[in-house]
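Single-structure report; data block below.
The values are calculated or read from the model by the stated rules, or taken from the named source; none is laboratory data. The model shown is predicted, which means the values in this text are computed figures rather than measured ones. Glycine gets a Cβ as well: all are built from the backbone with ideal geometry, and neighbour counts include every protein chain shown.
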Amino acid sequence: MTALSGHFLRAATLYALIGMALGIHMASSHDHSQMPTHAHIMLLGWVSMGLYGLFYRGLAEGPVSKLMQVHRWLAHIGLIGLVVALYGMFAGYLMLEPLAAISSIVVFIAMVLFTVIVFQHTKA
């Protein structure tokens, strides 16, 4: 799982940089209207992706399953869609709310898949 682990850990650091840059921008402009966007990037991007990477790092070496590949794609697609939608919505483009809703569902499905993967590879 080293390749999948590395993928998520690298992605987590990139999302952290984006989230921190947004935080610095908000602080320097004294405009904190994007705080929900910042929070989602940091929690779903930095924290969740980092935890995914650490979990996959702990698995024995072996092929990456199709379920794991789907999890990887849905986690990124959902997060990127949600962040774009939130950024737009908090900038006044409320017509992006359906994208936020759909992206939230995609993020949820990705977490359901990750839950299945965790249960498959851990013992009670």
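Observations on the structure shown:
- Where helices (runs of 4 or more DSSP H) fall wholly inside region 13-124, the ranges with 2 or more residues that are of a type in the set (Ser, Thr, Tyr) and in contact with a Phe, Trp or Tyr (Cβ under 9 Å, 6 or more places away or on another chain) are 49-58.
- LYS123 meets the conditions (1) under 17 Å from GLY6 (Cα atoms); (2) at pLDDT below 95 in every case but one. The failed one is (1).
- Taking region 91-124 as the range and being under 18 Å from MET68 (Cβ atoms) and of a type in the set (Phe, Trp, Tyr) as the test, the residues that pass are PHE108, PHE114, PHE119.
- Flag for PHE90 being buried (at least 19 other Cβ atoms within 10 Å of the Cβ) and not charged (D, E, K, R): no
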